Amino acid sequence: MGWQDRVPLPRIGLVTPRIRLTAPVLGTPDPQELARFYQRLLDWPLRDDGPEWATLRPEDGSTGLSFQREPGHVPPVWPPEPGTQQMQQHLDLEVDDLDAASALAEAAGARLLNTYTEPHEQVRTYADPAGHPFCLFVRT
């Protein structure tokens, strides 16, 4: 089924419900540690900060990022290999200065996994301290 084959949104009474993504949630053995990593990277304030759950939210209240405690968290293997934990999602973060953003990410604890160039962007793939992949990219 393609996007053009989608059915109309259901209505409850006369109103279509409003649904808004507030935050993707990353599983981690230590939500507070991972929240502080992304806080340094994104410069967003902490909203919730506990041993089981932490949330970052931009000042404007738009979509943030949350972290949930998962004691048995197994980080994905990058690049993917058969029979290993696979990545289920990753974050794409557009930057205006790839070298400066990369230096910040590495100083905060990121590990460089890969670099590549597309026709209109340069990309560096990192793993955060819990092993989640994320990409820093700049448009060229």
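The values are calculated or read from the model by the stated rules, or taken from the named source; none is laboratory data. Every value quoted in this text rests on a predicted model; they were computed, and no experiment measured them. Note that we place each Cβ from the backbone using ideal geometry, even for glycine, and neighbour counts take in every protein chain shown.
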So which pairs qualify, if the first residue must be in the range 77-96 and more than 22 Å from Phe67 (Cβ to Cβ) and touching a residue at least 40 places away in the same chain (Cβ under 8 Å), the second must be of a type in the set (Val, Ile, Thr) and not in a loop (DSSP other than H, G, I, E, B), the Cβ gap must be under 7 Å, and the two must be at least 6 apart or on different chains?
Asp96/Val138
Is it the case that some residue within the range 90-109 is β-branched (Val, Ile, Thr), in the same structural domain as Phe137 (by TED's automatic domain parsing), at pLDDT 95 or above and not in a strand (DSSP E or B)?
yes
Residue list for the range 97-125, restricted to those being touching a Cys at 6+ places or on another chain (Cβ under 6 Å) and either exposed (fewer than 11 other Cβ atoms within 10 Å of the Cβ) or without any contact (Cβ under 8 Å) to a residue 40 or more places away in the chain (or both):
Val123
Take the range 58-89 and flag every residue that is within 13 Å of the chain's Cα centre (by Cα), more than 17 Å from Asp30 (Cβ to Cβ) and not assigned by TED's automatic domain parsing to the domain that holds Leu136.
Thr63, Gly64
Specify the residue that is nearest to Ala130 (Cα to Cα); the eligible residues are those in the range 37-81 that are acidic (Asp, Glu) and in contact with a helix residue (DSSP H, G or I) (Cβ under 8 Å, 6 or more places away or on another chain).
Glu52
Quick check, is Pro51 at pLDDT 95 or above, part of a loop (DSSP other than H, G, I, E, B) and of a type outside the set (Ser, Thr, Tyr)?
yes
